[in-house]
Amino acid sequence: ICVPAVPVLFKQALENTDMEEGKSVSLRCELTKADATVVWKKGGATLQASAKYEMKQKGTVAELVIHNAEPEDA
């Protein structure tokens, strides 16, 4: 029996977040499927884990932490 894959949807999308320059800011979203692959992008560029960008995922919650936030991170 072939069962069609259920698409992954956002249960809670990203919200606009105020940030303080030089501090860390956390962006979170919640998905309908646990451990779905999440790709974080800024404009058309895919963000890679680094000292600046920290990606976390636990179950259905995906999080991007931006360290030492700057106006260019908006």
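The values are calculated or read from the model by the stated rules, or taken from the named source; none is laboratory data. Computed from a predicted structure; not experimentally measured. Glycine gets a Cβ as well: all are built from the backbone with ideal geometry, and neighbour counts include every protein chain shown. Surface accessibility is based on the protein's heavy atoms, side chains included, excluding ligands, DNA and RNA. Shrake-Rupley method; radii C 1.70, N 1.55, O 1.52, S 1.80 Å.
Just give me the residues in region 33-54 being surrounded by 13 or more Cβ atoms within 10 Å (Cβ to Cβ) and either in contact with a Phe, Trp or Tyr (Cβ under 6 Å, 6 or more places away or on another chain) or within 23 Å of VAL6 (Cβ to Cβ) (or both), in sequence order.
Correct list: LYS33, ALA36, VAL38, TRP40, LEU47.
Would you mind listing the strands (runs of 3 or more DSSP E) fully within region 1-60 where at least 3 residues are within 19 Å of PRO71 (Cβ to Cβ) and at pLDDT 90 or above?
25-31
If you check every pair at least six apart or on different chains, which have Cβ atoms under 6 Å apart with a residue in region 28-53 that is under 14 Å from ALA13 (Cβ atoms) first and a residue that is in a loop (DSSP other than H, G, I, E, B) and open to solvent by 80 Å² or more (accessible area, probe 1.4 Å) second?
Pairs that qualify, where the first residue is under 14 Å from ALA13 (Cβ atoms) and the partner is in a loop (DSSP other than H, G, I, E, B) and open to solvent by 80 Å² or more (accessible area, probe 1.4 Å), are CYS29/LEU14; THR32/LEU9.
Considering only region 59-74, how many residues are under 19 Å from GLU15 (Cα atoms) and open to solvent by 80 Å² or more (accessible area, probe 1.4 Å)?
Selection size over region 59-74: 2.
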